[in-house]
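Engineer: I'd like to ask you about the structure that follows.
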Amino acid sequence: MDKLKITGGGPLEGEVHVSGAKNAALPILCAALLADRPLELTNVPELMDVRTMIRLLNQMGVRSSRDQPGSVRLDASGLANPVAPYELVRTMRASVLVLGPLIARCGKASVSLPGGCAIGQRPVDQHLKGLQAMGAEISIEHGYMNATAKRLRGTRIVMDMVTVTGTENLMMAAVLADGITILENAAREPEVVDLARCLVAMGAKIDGAGRDVIRIEGVSSLGGASYAVMPDRIETGTYLAAVAAAGGRVRLLDADPGTLDATLDKLRESGARISTSDRTIDIECSGRPRAVNLKTAPYPGFPTDMQAQFMSVSAVANGTSVISETIFENRFMHALELQRLGANISIQGNTAVVIGVERLQGAHVMATDLRASASLVIAGLVANGETVIDRIYHLDRGYESLEAKLSALGARVERVK
Ligand code: UD1
């Protein structure tokens with residue numbers, strides 16, 4: 001299994017290209033299931049999760065081709081097998097995003113239940129509640145959600161909590177439903193908006209994506225489209241956090257600063273000097289960051305997917321930071337590994353108190369999930385000596401060319417086979 005070896009020290013200097021967003025690409029790939037005409041995508045990141053999703057679509061009968069880096073062409077005209085098997089869903093929870101499109105297009109679907117994961121229980125009850133309200137019959141048998149529906153009916157759905165993939169699944173189901181669907185308490189994440197834009201390009205009628213009430217008027221069929229996936233705001237935030245911790249001066253290219261308000265605010269509060277234009281973000285940091293408190297919340301609040309990276313910044317900050325995690329019940333696994341690097345962190349329930357130390361010390365640590373792994377990389381960059389991160393397949397799921405991008409900024413990072 002590959003490991004990442006990082007020799008800490010030194011500021012980061014240079015430019016990084018931001019990749020397409022993993023969490024927008026995954027639902028958009030599933031949107032291809034809704035049409036029998038090709039969907040041509042660009043700015044799709046080269047990631048393990050993207051390959052897994054394409055493999056899942058292929059085994060359903062979707063044809064795919066990738067002519068050049070970042071482009072994917074999907075043709076679901078031969079969609080024949082609306083099944084998502086356990087082997088694939090197990091490795092990637094986002095596979096559940098095929099459920100809505102499959103029921104809408106095929107009138108049936110069989111999708112393995114995703115089960116728990118390292119960061120918490122993560123149930124899918126809201127996805128099922130919404131699809132049932134639209135008229136789908138769903139039974140759970142042998143670990144699979146088996147669904148049938150002649151044609152889904154538009155209706156009003158009030159979600160119990162804000163769920164990103166839940167909103168996306170129901171939006172994709174509703175675009176081919178009979179009549180109007182109103183999704184209330186919908187997720188406002190930029191990735192939901194990106195999916196909606198792609199669906200509209202395919203001929204869907206959607207109003208309100210990005211607000212908490214989304215109105216979808218069903219159409220009888222969707223067509224093909226060409227669409228460019230939005231920049232990855234979490235990848236962007238991860239590099240910004242790395243500079244906040246390690247110091248230096250970095251320009252991020254092909255970014256979308258408009259999707260990062262909460263993250264940029266916290267970085268500024270920590271002492272970073274940041275300026276933005278339409279597609280670039282410049283960050284400059286010197287000395288230790290100042291401690292900042294934060295609480296994760298649905299968009300536009302501070303993203304849970306940035307919490308771990310900020311814990312690494314807090315670990316070397318001047319002062320004490322209080323970090324509250326309100327989205328997932330078990331998302332502090334990285335704290336234990338950061339402690340192995342010398343961080344001073346105490347945890348009570350969903351709150352972590354981090355007393356910043358001057359310097360971390362390199363050690364052998366283990367990645368437990370995607371964003372936890374990113375936090376260990378940041379910590380490794382500011383630790384004395386060598387940090388070895390085990391199980392970096394988590395990083396390969398979500399960060400395109402991580403070593404190359406960090407090396408270009410002057411970091412000493414090496415993949416050990
Ligand atoms: C998505 C993101 C993930 C991010 C998360 C929160 C993708 C592929 N993944 O995950 O990176 O960390 O949003 O921003 O986009 N919940 C239920 N019942 C449901 C659905 C969700 O109880 O039916 C709960 C979850 O357990 C969690 C909260 O709602 O506590 C939010 O989860 P949700 O927004 O659904 O996360 P994902 O969409 O899985």
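Engineer: Please sort through the DSSP H helices of the chain and keep those with an alpha-carbon extent of at least 18 Å along the long axis and a Kyte-Doolittle average not below -0.5.
Structural biologist: 233-246, 370-382
Engineer: What ³J(HN,Hα) values, in whole Hz, does the Karplus curve 6.51 cos²θ - 1.76 cosθ + 1.60 give for region 341-350 when θ = phi - 60°, with x put for Gly and Pro?
Structural biologist: Couplings: 8, x, 6, 9, 10, 10, 10, 10, x, 9 Hz.
Engineer: Something else: Return the FRET efficiency for the residue pair Asn330, Glu87: r is the Cβ-Cβ distance, R0 is 25 Å, and the value is rounded to the nearest 0.05.
Structural biologist: Using R0 = 25 Å, I get an efficiency of 0.55.
Engineer: In whole Hz, with x marking every Gly and Pro, tabulate ³J(HN,Hα) for region 404-413 from phi via Karplus 6.51 cos²θ - 1.76 cosθ + 1.60, θ = phi - 60°.
Structural biologist: 4, 5, 5, 4, 5, 8, x, 6, 9, 10
Engineer: Another question about this same structure. With viscosity set to 1.306 mPa s at 10 °C, what whole-number translational diffusion coefficient in µm²/s follows for region 42-170 from Stokes-Einstein and a Kirkwood radius over Cα pairs?
Structural biologist: 103 µm²/s
Engineer: What nm value, rounded to one decimal, do you get for the distance between Met1 and His364 when each label is placed 7 Å out toward the C-beta?
Structural biologist: It is 1.3 nm.
Engineer: Moving on to the next point. As an exercise, take the mean of 1/r over every pair of distinct alpha carbons in the chain, invert it, and state the Kirkwood radius in angstroms.
Structural biologist: After inverting the mean inverse Cα-Cα distance, the result is 21.7 Å.
Engineer: Going from most exposed to least, what order do Arg331, Arg273, Arg251, Arg197 have by accessible area with a 1.4 Å probe?
Structural biologist: Arg197, Arg273, Arg251, Arg331
Engineer: Skipping prolines and chain starts, which residues have an amide H placed within reach, meaning under 5 Å, of the one on Tyr144, given they are 5 or more residues away or on another chain?
Structural biologist: So Tyr144 has HN proximity to Leu113.
Engineer: I've got another one for you. Considering only DSSP beta bridges with both partners in the chain, what is the antiparallel share in %, to the nearest 5?
Structural biologist: In the chain, approximately 65 percent of DSSP beta bridges are antiparallel ones.
Engineer: Okay, moving on. With an 8 Å cut-off on Cα pairs and a minimum separation of 6 or more residues, tell me the relative contact order of the chain in percent.
Structural biologist: For the chain, the relative contact order is 21 percent.
Engineer: Given only helices, namely DSSP H runs of n ≥ 4 each adding -39500 (n - 2.57), what is the per-residue ellipticity at 222 nm of the chain, to the nearest 500 deg cm²/dmol?
Structural biologist: After summing the helix terms and dividing by the residues of the chain, the value is -9000 deg cm²/dmol.
Engineer: Give me the three principal axis extents of region 302-417 from the C-alpha atoms, as integers in angstrom, largest value leading.
Structural biologist: Principal extents (Cα only, largest first): 37, 29, 22 Å.
Engineer: Still on this structure, please answer the following. Please list, in chain and number order, the residues 5+ apart from Leu222 or on another chain whose amide H is under 5 Å from its amide H, with Hs placed from the backbone.
Structural biologist: Asp36
Engineer: Which cross-chain or sequence-distant (5 or more) residues have an amide H under 5 Å from the amide H of Thr163, H modelled 1.01 Å from N in plane?
Structural biologist: Here Ala187 satisfy the definition.
Engineer: Once neighbouring chains are kept in place and the probe is 1.4 Å, which whole percent of the accessible area of region 92-189 is contributed by carbon and sulfur?
Structural biologist: Of the solvent-accessible surface of region 92-189, carbon and sulfur hold 48 percent.
Engineer: With every protein chain kept in place and ligands, DNA and RNA left out, what is the accessible area per residue of the chain? Probe 1.4 Å, answer in Å².
Structural biologist: That works out to 39 Å² per residue.
Engineer: Using the Kirkwood radius over C-alpha pairs as Rh, can you work out the diffusion coefficient of region 175-238 via Stokes-Einstein at 20 °C, viscosity 1.002 mPa s, in µm² per second?
Structural biologist: 170 µm²/s
Engineer: While we're here: Quick one: of the DSSP bridges fully inside region 35-171, what percent are antiparallel, nearest 5?
Structural biologist: 90 percent
Engineer: At a 1.4 Å probe radius, which order do Glu400, Glu329, Glu217, Glu168 fall into by accessible area, largest first?
Structural biologist: Glu329, Glu217, Glu400, Glu168
Engineer: Same structure again: Using θ = phi - 60° and the Karplus form 6.51 cos²θ - 1.76 cosθ + 1.60, what ³J(HN,Hα) does each residue of region 214-222 get, whole Hz, x for Gly and Pro?
Structural biologist: Coupling constants for region 214-222: 10, 10, 10, 9, x, 10, 7, 7, 10 Hz.
Engineer: Let me ask something additional. Could you tell me what fraction of 2.2 N^0.38 Å the Cα radius of gyration of region 109-185 comes to, as a two-decimal ratio?
Structural biologist: It is 1.09.
Engineer: Would you mind getting me the FRET efficiency between Arg415 and Met161? Use the beta-carbon distance for r and R0 = 60 Å, nearest 0.05.
Structural biologist: Plugging the Cβ-Cβ distance into 1/(1 + (r/R0)^6) gives 0.95.
Engineer: If you place +1 on the Cβ of every Lys and Arg and -1 on the Cβ of every Asp and Glu, how big does the dipole about the Cα centre of the chain come out, in debye to the nearest 20?
Structural biologist: That gives the chain a dipole magnitude of about 320 debye.
The values are calculated or read from the model by the stated rules, or taken from the named source; none is laboratory data. This structure is a prediction, so every number in the text was calculated from the model and none was measured. Here Cβ is always computed from backbone atoms with ideal geometry, including for glycine, and neighbour counts include all displayed protein chains. Heads up: the accessible areas ignore ligands, DNA and RNA and are worked out on the full protein's heavy atoms, side chains in. Shrake-Rupley method; radii C 1.70, N 1.55, O 1.52, S 1.80 Å.
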